[in-house]
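To start, the structure itself, in structure tokens.
The values are calculated or read from the model by the stated rules, or taken from the named source; none is laboratory data. Since this is a predicted model, take the numbers as computed values, not measurements. With ideal geometry, Cβ positions are generated from the backbone for all residues, glycine too; neighbour counts draw on all protein chains shown. What goes into the accessible areas is simple: the full protein's heavy atoms, side chains included, and nothing from ligands, DNA or RNA. Shrake-Rupley method; radii C 1.70, N 1.55, O 1.52, S 1.80 Å.
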Amino acid sequence: METASEETLEKGTNAFVKGEAAIKPEFLTTKDKFHGFIDAEWQGSKGDKAPENDTTDETSVEEPEPKKLKVEPEERNNAGKQDGKRLRGQNKSRPHTKPTAYDEKRLCVSVIQNRECPFGDKCHFHHDIGEYMASKPADIGESCYLYDTFGKCGYGLACRFAKAHTTPDFKTMEKADLVKAYEGRTVMKNSLSKDLQNRLRKRSVAFKKSAEYLKTLSNNKDKKEQRGNGDACAAEVSADPAGEKQLVSTEAQASPDKQPLVKTVGPLTDADVIKLRPCEKKQVDFQDKLYLAPLTTCGNLPFRRVCKRFGADITCGEMAMCTNLLQGQQSEWALLKRHESEDFFGVQVEGCFPDTMTRCAELINNNTDVDFVDINSGCPIDLVYKKGGGCGLMTRTRKFEQIIKGMNYVLDVPLTVKIRTGVQEKSMIAHKLIPEMKNWGVSMVTLHGRSREQRYTKLADWDYITTCSKLASPVPLFGNGDILSYEDAMKARETGVSGIMIARGALIKPWIFTEIKESRHWDISSSERLDILRDFSNFGLEHWGSDTRGVEKTRTFMLEWLSFMCRYIPVGLLERVPQKINERPPYYMGRNYMESLMASQNVGDWVRISEMLLGPVPKNFNFLPKHKANAYK
């Protein structure tokens, strides 16, 4: 692994190992001492007896092993095979409990909304309020964020903070002044309506502009076939110049609608009116902005709201599959939701065919409020790549061109593209693609300085990003890779890029946007970091719900985020500032118990942090992170 320092740093009797962050010797400790301290303090804070719902032993997993030395090809082939199959990936069979499994029996929505249940006796949910309240888990806290913010809680008696807005006779209270203040105000945009969902499922949505563009593709294909067939009689036609002229003239008269549109002096056609010219598209200023990357799983709406508070300029929804959007899948449409605080917002779509991508762009254009649409041409996962999407598009330039031109044709907002350096590590192709994409009509390009093959095994190649930014001019090019401090951001800006995209750096420390804008290292306290997590939990309850399902969904996404956030090392503990993104944190004691707890890479300790904010976990709770706790190589 490449590191900022190629030498082993020594101070007194302590040695800083290559690949590990340099922490002041007085804070360093061993694995056993670290976990002994955490467990002892936790049990002490809860009393001599561990809490009844403490599921540390059940949920914790062995921590990832340290980096292994490279093995020879023969050894690798033998070690990586089992029953003749090569083992690939990690945590693919991780346990996944649906939030619905945490409720023994839920309260019927009709009771919450105070209306008659349409299913009558056949309904499987609770209708007896007294019976439900007797079996309902204990409340998490005394105040409800939704009730305090909006004046009413839509989850009523099912809310895990119900006592805050429920009378002794089980009636839900409201704060009239707050309710009136939010009346007519749309806090959340881009929700999928039932009408649109039904029309998508019945395939009754009209895609007029997409049909126009796709017709030109089929016409071009027919013309190529005709030209291919015409080669056989080329000699015969060329022998008679008059005949050739007559043939062309007859073909033109027979199909005037198939002729390419050119700028002519004459009547204005319908096609001229319908087509949106580049100068008429919504103008967006991308210059010198901080862009929060579209992060799968962790880049959800509550997390984006946290980053907006710390100064992120541009936010983008998680990658959405175009086919799922066209089928009206509620879970996929949820990725397009936009909060009112996101003033510069885009959505990212993934697909590999011009017809589906063009229709998806038209669907987004007509039914959502976005500032730009981004094409994901950098996703490295096999599921996407093997069908030709993500990174696969970079090697299918003909399809890529048709997708970009088609989406540009139907969109009223700018179209952007996110790419990598290439597929193979030693075969970079981004510098060849970028000049082509300028001609295809892309409004902005984001370049991640790694190939698909590399993943995160090496540092991002910012020299290559510099070369590409010059080729992209005047089209803006954003650089992405290894930004974890304002010093990293300053070096990145010196390369000439138009802006910076931040991904893992925002997950490790979301206040990085403030650090960059204020040009400082923020030695943030553990209590401030816990407040950030508290904000996330409140935003999560607003977004996913304050009932048991919503609470556990919020907890799951918080734990996914903590698998990255635990890598942060407080500035005051570092021997050498700033922390580098490719340096593994060694075991260290924080300046207080909370700082030490937040440094733990053990799942059980993350669960403990979540319990401080969202109450004890259910008895059947199980969690394994999607990413390794210290995913460094």
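Taking the stated definitions as given, is Asp371 of a type in the set (Asp, Glu) and open to solvent by 20 Å² or more (accessible area, probe 1.4 Å)? No; evaluated as a whole, the condition is false for this residue. When Tyr568 is tested against (1) under 28 Å from Lys418 (Cβ atoms); (2) assigned to a helix (DSSP H, G or I), just one condition goes unmet, and that condition is (2).
Checking each residue in region 443-470 for being in contact with a strand residue (DSSP E or B) (Cβ under 9 Å, 6 or more places away or on another chain), of a type in the set (S, T, N, Q) and in a helix (DSSP H, G or I) picks out Thr466, Ser469. Only one entry in Ser110, Ser143, Ser191 is of a type in the set (Gly, Ala, Ser), outside any loop (DSSP other than H, G, I, E, B) and either surrounded by 15 or more Cβ atoms within 10 Å (Cβ to Cβ) or modelled with pLDDT of 90 or more (or both), namely Ser110. Assessment of region 274-292 against the conditions (open to solvent by less than 80 Å² (accessible area, probe 1.4 Å), touching a Lys or Arg at 6+ places or on another chain (Cβ under 9 Å) and modelled with pLDDT of 50 or more) yields at least one matching residue.
Being over 18 Å from Cys316 (Cβ atoms) and outside any loop (DSSP other than H, G, I, E, B) is a property that Gly422 lacks.
Of all the criteria given as (1) at pLDDT below 90; (2) open to solvent by less than 60 Å² (accessible area, probe 1.4 Å), the one not satisfied by Lys209 is (1).
If you take the residues of region 571-604 that are over 19 Å from His35 (Cβ atoms) and in contact with an Asp or Glu (Cβ under 9 Å, 6 or more places away or on another chain), which of them is surrounded by the fewest Cβ atoms within 10 Å (Cβ to Cβ)? Per the stated criteria, the residue is Val577. For first residues located in region 121-142 and farther than 18 Å from Ser110 by Cα, partners that are open to solvent by 90 Å² or more (accessible area, probe 1.4 Å) and lie 6+ apart or on another chain with Cβ distances below 6 Å form the pairs Asp139/Lys163.
Residues in region 332-368 that are of a type in the set (Val, Ile, Thr) and open to solvent by less than 20 Å² (accessible area, probe 1.4 Å): Val347, Val349, Thr358, Ile364.
Screening region 319-333 for residues that are without any contact (Cβ under 8 Å) to a residue 40 or more places away in the chain and out of contact with any strand residue (DSSP E or B) (no Cβ under 6 Å at 6 or more places or on another chain) and picking the one that is nearest to Ile403 (Cα to Cα) gives Thr323. Applying the condition of being touching a Gly at 6+ places or on another chain (Cβ under 6 Å) and assigned to a helix (DSSP H, G or I) to region 505-540 and asking which residue is farthest from Leu613 (Cα to Cα) yields Lys517.
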